[in-house]
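Notes for the one structure printed next.
The values are calculated or read from the model by the stated rules, or taken from the named source; none is laboratory data. The shown structure was predicted, so the numbers you read here are calculated from the model rather than taken from an experiment. Cβ sites come from the backbone with ideal geometry, for glycine too, and all protein chains shown count toward neighbours. SASA here: full protein model, heavy atoms, side chains in, ligands and nucleic acids out. Shrake-Rupley method; radii C 1.70, N 1.55, O 1.52, S 1.80 Å.
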Amino acid sequence: MMRLVLLGPPGVGKGTQAERIAQGYGIPHVSTGDMFREAVKRGTELGRTAQEYMRSGRLVPDEVTIGLVRERLSADDCRNGFVLDGFPRNLVQARAFDEVLAQIGSRLDAVISIDASVETLVARLTGRRTCRRCGTPYHVIFNPPPDPNTCPACGGELYQRDDDKEETVRKRLEVYEAETSPLVDYYRAQGLLQVINGEQDIDKVYEDIRRALEEATAHDRA
Ligand code: AP5
């Protein structure tokens, strides 16, 4: 059982690490960004609403996002835990999430905050390629797939996300600073925060996360 939130700016490696955690701990990776991109791909009403905000790097309205997460976390596969990536993203979402957890008689084990410099984030986002089918992120330099156009995990087509253009990236970083970064203090005050250095290579970041999770859960058991 492991209930986790991954916090951190765009491009820091939340999706990359969430996939590893999901496999390592046998829990679902719940990404609001992936859920919105899936809705856009299907052309649903949710997708049409979300697309407008995502394209310009702004947050999708809270009521839409909170409802989506509430529904997703009540699914059977989340009974033994989850790794949340991209939610909560501001204080309104964080407080609503606390209420959802209280309603289902649950609580978080840890909040992992991954850090990196703005230069690193811009380099990672502008070189990212994402699988259209399964959402797995790669990087043209830091994590290159054997075939630059094909996902080695599922055979899907790799593409550059609409919001990974430099101008939108800058906007997303601003939104992170203004709206999401206050959550670091929010979760520190709850005694849940573990800070990880995201400047290291992918394996080393994962190793530090595993160690932090061991500490967090050992503390719980004591
Ligand atoms: P979302 O999809 O959540 O995007 P994000 O938070 O901006 O994060 P990213 O997916 O861009 O980056 P990441 O940290 O997952 O990095 P990754 O592992 O891919 O949100 C998109 C949009 O949806 C938002 O702007 C908003 O509009 C909307 N939205 C989503 N959630 C919302 C919410 N709760 N409320 C309202 N709106 C919401 O890695 C990046 C690149 O770096 C990859 O190429 C990867 O291969 C590479 N990389 C990763 N780790 C390393 C490493 N250690 N070393 C070298 N390269 C690395």
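With each label modelled as a point 7 angstrom along the Cα→C-beta vector, the Arg170-Ser106 pair spans 4.0 nm.
Taking Cα centre as origin and charging only the Cβ of basic (Lys, Arg, +1) and acidic (Asp, Glu, -1) residues, the dipole magnitude of the chain rounds to 400 debye. Taking label positions 7 Å along the Cα-Cβ direction at both Glu45 and Thr150, the computed distance is 4.0 nm, reported to one decimal.
If R0 is taken as 45 Å, the Cβ-Cβ distance between Asp185 and Glu157 corresponds to a FRET efficiency of 0.65.
Largest first and in whole Å, the equivalent-ellipsoid semi-axes of the stretch 16-71 read 23, 12, 11, each the square root of five times a Cα gyration tensor eigenvalue. Residues Lys165, Lys204, ordered by accessible area of protein heavy atoms at a 1.4 angstrom probe radius and largest first, appear as Lys165, Lys204. The distance between label points at Val64 and Leu91 comes to 2.4 nm (points 7 Å beyond Cα on the Cα→Cβ vector). Rounded to the nearest Hz, the phi-derived 3J(HN,Hα) couplings of the stretch 177-185 under the Karplus curve 6.51 cos²θ - 1.76 cosθ + 1.60 (θ = phi - 60°) are 4, 6, 10, 8, 4, x, 5, 4, 5, where x marks glycine and proline.
Dividing the Cα radius of gyration of the stretch 76-206 by its Kirkwood radius returns 1.00 for Rg/Rh.
Under the shape rule built on the C-alpha gyration tensor, where the axes satisfy a ≥ b ≥ c, the stretch 126-198 is prolate, since a/c reaches at least 1.5 and a/b is greater than b/c. Within the full protein context, the accessible area of Asp77 is estimated at about 80 Å² for a probe radius of 1.4 Å.
Taking the charge dipole of the chain about its Cα centre, with +1 at Lys and Arg Cβ atoms and -1 at Asp and Glu Cβ atoms, the residue from His29, Cys154, Thr126 reaching farthest to the positive side is Cys154. Taking a point 7 angstrom from the Cα of Ile202 along the C-beta vector, which residues in the stretch 10-52 have backbone N less than 12 Å away? It comes to 13-21, nothing else. With the biggest extent put first, the Cα atoms of the stretch 1-158 measure 46, 34, 32 Å across the principal axes.
Rounded to 0.05, the FRET efficiency of the Ala212 and Glu38 pair, given R0 = 30 Å and the Cβ-Cβ distance, is 0.50. Counting only protein heavy atoms and a 1.4 Å probe, tell me what percentage of the chain's accessible area is made up of carbon and sulfur. After summing per-atom areas, the C and S share lands at 48 percent. Determine the shape class of the stretch 84-145: with a ≥ b ≥ c the square roots of the Cα gyration tensor eigenvalues, call it rounded for a/c under 1.5, and otherwise prolate if a/b is greater than b/c, oblate otherwise. It is prolate, given that a/c is not under 1.5 and a/b is the larger ratio. Protein heavy-atom accessible surface, 1.4 Å probe, per residue over the chain: 51 Å². Taking Cα centroids, how far is the stretch 52-127 from the stretch 159-176 in Å? Using only Cα atoms, the two centres lie 18 Å from each other.
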